[in-house]
Amino acid sequence: MSPQRCFLFLQGPPSLFWPRLGDALQAAGHGVVRVNLCLADRLFWPRRGAVDYRGRLASWPTWLAALIRDRGVTDILYFADRLPYHVAALDTARTLGVRVHAIEFGYLRPDWLTLEPEAMGRHSTIPRDPARIRALAAGHPAPDRAVRYPHGFVTESLREVTFNLTLVFGRPLYPFYRSDKVYWPVVEYLSWLRELWRRRRILPRDEAFVDRALAGAFPYTLVALQLQNDYQIRASTDYAHLEDMLDEILTSLARDAPADRHVIIKTHPLDCGLENWPIRVARLTRRHGVEGRVHLVHSLRLVPLLTHATGVILANSTVGLTAISHGVPTLALGDAVYTVPGLTHQGGLAAFWTAPEAVDADLARDLFAMLGAHYQVRGSFYNPAGQAEAIATITARLTARVG
């Protein structure tokens, strides 16, 4: 049996998943410590005994090291691994020999969560070597991708809005808290009023265009946009802004692609409109002289668009895993856990238009088997039954790790 451990919870997802996981670890005989960094943290941790940190970010590592020593912390858990407080916590933990576990939404969405050491994306410890992937996949079945634990969009969005607005308006109680939000939450949420009105107008037009594309009106490459405020853009790419990525893609389209090749740029479903992609894309198409070949669309038909495309280009979205699972040639321009020879195109953007490297179906199956066996947990942050399954699995995995 593992020796007793002490788990320190830092910022978690905007649900009651975090305190329920704390209850489970405590019931298994382990210590639990919680640090609240802002009022939103307090709201989603109704258990007693949490410690509030109200100091400056610069003083956080010293304060945290003292807490770790005082409480005998052996493990740290956090959500959003690139939050500045979490980045500093990882450095402190390494110095003190404390384990760190990143828990996030799953690579295998929906119905899966990620549990991996330390961090994700560019900082992930998931192997990128095909031989290592095959070895870790050996003896493990492909993960079950059937949806068991659905939750409504309103369920997740209400908790997200509650967390962020509590963070904003609770600032007087935590005056030095440093948020890393790209947009001020109040502005972001108000922008949705305009964006929803805009989508009602453009959706019939965009879906009619998608119908034409799927019917074979022209050959196209799909570009799947992520959110500008996505951690994995800031932490796991070299782009200051996603417009820089589009500029690189359209430069190559004009120079390297066949003259009949089109590009469909699909916006993220949760894009609030603050980046004003129609204006940005129109400016880029004029700059590169590719008017009429570049199309910005809002559509929920991701898989049909993928499977009819000559290939998909993205930064590091989990859309890449969907493309790989369907055998669609994929080019990731940022760091992604699936950027592996045999899974994604390794030959650069210029060659991708005419000679995209094929997906090795056997290696793809091994990738998903490895992820499901070692780095993913079945369950949900929001669905009660999914919470229960994930918490049981995470508790078992965490308490089994010794040394």
Checklist entry - Cα convex hull of segment 231-295: how many Å³ per residue? => result 97 Å³
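Out of every Cα-Cα pair in segment 104-187, what percent are more than 21 Å apart? Can you show the working numbers first?
Values: 1964 of 3486 pairs.
Of the Cα pairs, 56 percent sit more than 21 Å apart.
Can you compute the charge dipole magnitude of the chain about its Cα centre, using +1 on each Lys and Arg Cβ and -1 on each Asp and Glu Cβ, nothing else charged? Give it in debye, rounded to the nearest 20. Intermediate values should be presented prior to the final figure.
Numbers: 45 positive and 38 negative charges, 188 e Å.
That gives a dipole near 900 debye.
Can you work out the accessible area per residue across segment 135-277, with the rest of the protein chains kept in place, probe 1.4 Å, in square angstrom? Spell out each step's value before the answer.
Details: 7410 Å² over 143 residues.
Accessible area per residue: 52 Å².
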Checklist entry - Once Lys and Arg get +1 and Asp and Glu get -1 on their Cβ, which of 249, 218, 236 lies farthest toward the positive end of the dipole of segment 209-249? => result 218
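Over all distinct Cα pairs, what is the inverse of the mean 1/r for segment 274-403, reported as the Kirkwood hydrodynamic radius in Å?
It is 17.6 Å.
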Checklist entry - Separation of segment 339-403 and segment 220-296 by C-alpha centroid, Å? => result 26 Å
Checklist entry - Dipole of segment 286-403, Cα-centred, from +1 at each Lys and Arg C-beta and -1 at each Asp and Glu C-beta, to the nearest 20 debye? => result 320 debye
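Taking the Cα centre of segment 1-151 as origin and charging only Cβ (+1 Lys, Arg; -1 Asp, Glu), how large is the dipole, in debye to the nearest 20? It would help to have the intermediate numbers written out before the result.
Values: 20 positive and 13 negative charges, 17 e Å.
That gives segment 1-151 a dipole magnitude of about 80 debye.
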Checklist outcome for this item: A correct Karplus calculation of ³J(HN,Hα) over segment 117-132, with 6.51 cos²θ - 1.76 cosθ + 1.60, θ = phi - 60°, whole Hz and x for Gly and Pro, returns x, 6, 6, 10, x, 4, 9, 6, 9, 5, x, 10, 8, x, 5, 5
Checklist entry - How much of the accessible area of segment 14-96, probe 1.4 Å, is carbon plus sulfur, in whole percent? => result 51 percent
Checklist entry - Picking from 277, 77, 55, whose Cα lies most toward the positive end of the charge dipole for the chain (charges on Cβ: Lys, Arg +1; Asp, Glu -1)? => result 55
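Would you kindly state how much longer the chain becomes between residue 238 and residue 270 on full extension, computed as 0.36 nm times their sequence separation minus their alpha carbon distance, in nm to one decimal? Don't skip to the end; give the middle numbers.
Numbers: separation 32, 0.36 × 32 = 11.52 nm, distance 2.26 nm.
Fully extending the segment from residue 238 to residue 270 adds 9.3 nm.
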Next on the checklist: Rounding to the nearest 10 and keeping the result within 0 to 90°, find how far the Cα-based axis of helix 153-169 lies from the longest principal axis of the chain.
Outcome noted: 60 degrees
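Quick one: accessible area per residue over segment 72-113, 1.4 Å probe, rounded to a whole number of Å²? Provide the component values of the computation, followed by the final result.
Details: 1220 Å² over 42 residues.
Value for segment 72-113: 29 Å² per residue.
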Checklist entry - In what sequence, highest mean first, do 324-336, 176-188, 118-130 appear when ranked by Cβ atoms within 10 angstrom? => result 324-336, 118-130, 176-188
Item to check | Rel. contact order, % - alpha carbon contacts under 8 angstrom, at least six apart, segment 238-329 | outcome: 29 percent
Checklist outcome for this item: Descending packing, highest mean Cβ count within 10 Å first, for 46-54, 297-305 is 297-305, 46-54
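Taking only DSSP H segments of four or more residues, each worth -39500 (n - 2.57), what value at 222 nm results for the chain once the sum is divided by all its residues, to the nearest 500 deg cm²/dmol?
Details: 15 runs with 173 residues, N = 403.
Mean residue ellipticity, 222 nm, calculated: -13000 deg cm²/dmol.
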Item to check | Dipole of segment 257-338 [Lys/Arg +1, Asp/Glu -1 at C-beta], most positive-end residue of 338, 324, 304 | outcome: 304
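The values are calculated or read from the model by the stated rules, or taken from the named source; none is laboratory data. Here the structure is a predicted model, which means the values were calculated and not measured. Positions of Cβ are generated from backbone atoms using ideal geometry, with glycine treated the same way; all protein chains shown enter the neighbour counts. With ligands, DNA and RNA removed, areas are computed over all heavy atoms of the protein, side chains included. Shrake-Rupley method; radii C 1.70, N 1.55, O 1.52, S 1.80 Å.
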